[in-house]
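Participant: I have a structure I would like to understand better, so I am pasting it below and will then ask my questions one at a time.
The values are calculated or read from the model by the stated rules, or taken from the named source; none is laboratory data. Just so it is clear, the structure is predicted and the values come from calculations on it, not from any experiment. Note that each Cβ is placed from the backbone with ideal geometry, even for glycine, and that neighbours are counted across all protein chains shown. In case anyone asks, the SASA skips ligands and DNA or RNA and just uses the protein heavy atoms, side chains included. Shrake-Rupley method; radii C 1.70, N 1.55, O 1.52, S 1.80 Å.
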Amino acid sequence: MISLQSHQNMNPQISDYIIPSEKVAHVQIGNNLEHALLVLTKSGYSAIPVLDARFKLHGLISSPLITESILGLERIEFEKLSDKKVEDVMQIQIPKIRVDEEFEKALDLLIDYPFLCVEDREGFFEGIFTRRILLKELKNYLGKLDHV
Ligand code: AMP
């Protein structure tokens, strides 16, 4: 990863800060909710991207969305987990950015969201940009400024 300080003109690029798609836990369109819950639980992440077989980004799935979708009047209807598909319950309006967009836009979005999905011009998933990465880089940068 390239540090903020290494950008002489302070013109950082989103591509320098992303966790690449191959390292991002995700589910695919067509997967059932049981599988999604398994991936979410095993990975420990609160929300993960939903992609298709060609790695196009379709939405985000999270444990609260899954639980809400199987909530009956008096109990959680776990037996429905295997019948429902991720595309039935995923969030479609998601915080996302194109890899070639202004870095400032990513900063604005990361104030409100813990991570952004990053896609290319055709909507193919490139990875995620997390608030954690941004804060780590900022800490490194400020630490170096202290020693100037
Ligand atoms: P973090 O800043 O690392 O705590 O991540 C914040 C959120 O970004 C997590 O709760 C996940 O929703 C998402 N996230 C971070 N890293 C990954 C990953 N490798 N795969 C999938 N989702 C991730």
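Participant: Quick check on my filter: what residues within the stretch 7-61 are in contact with a Lys or Arg (Cβ under 9 Å, 6 or more places away or on another chain) and of a type in the set (S, T, N, Q)?
Facilitator: Across the stretch 7-61, the qualifying residues are 31, 32.
Participant: Let me ask another. Quick one: which residue in 139, 144 is loosely packed, with under 13 Cβ neighbours inside 10 Å, in contact with a helix residue (DSSP H, G or I) (Cβ under 7 Å, 6 or more places away or on another chain) and either β-branched (Val, Ile, Thr) or over 15 Å from residue 18 (Cβ atoms) (or both)?
Facilitator: 144
Participant: What pairs can you find where one residue is in the stretch 84-112 and free of Cβ contacts under 8 Å to residues at least 60 places away in the same chain, the other is open to solvent by 30 Å² or more (accessible area, probe 1.4 Å) and of a type in the set (Val, Ile, Thr), and their Cβ atoms are less than 9 Å apart, with a gap of 6+ or different chains?
Facilitator: Listed pairs, sorted by first residue: 85/29; 86/29; 87/29; 90/29.
Participant: Has the stretch 38-52 got any residue that is among the acidic types (Asp, Glu) and open to solvent by 50 Å² or more (accessible area, probe 1.4 Å)?
Facilitator: No, because not a single residue in the stretch 38-52 is among the acidic types (Asp, Glu) and open to solvent by 50 Å² or more (accessible area, probe 1.4 Å).
Participant: Let me ask something else. On the basis of being part of a strand (DSSP E or B) and away from the ligand (no atom under 13 Å from the Cβ), does residue 111 make the cut?
Facilitator: Criteria not met by residue 111.
Participant: If we keep just the residues of the stretch 24-44 that are part of a loop (DSSP other than H, G, I, E, B), touching a strand residue (DSSP E or B) at 6+ places or on another chain (Cβ under 9 Å) and within 11 Å of the ligand (Cβ to nearest atom), which is farthest from residue 68 (Cα to Cα)?
Facilitator: 24
Participant: Output the number of residues of the stretch 124-143 satisfying the condition of being at pLDDT 95 or above and more than 14 Å from the ligand (Cβ to nearest atom).
Facilitator: Residues meeting the conditions: 1.
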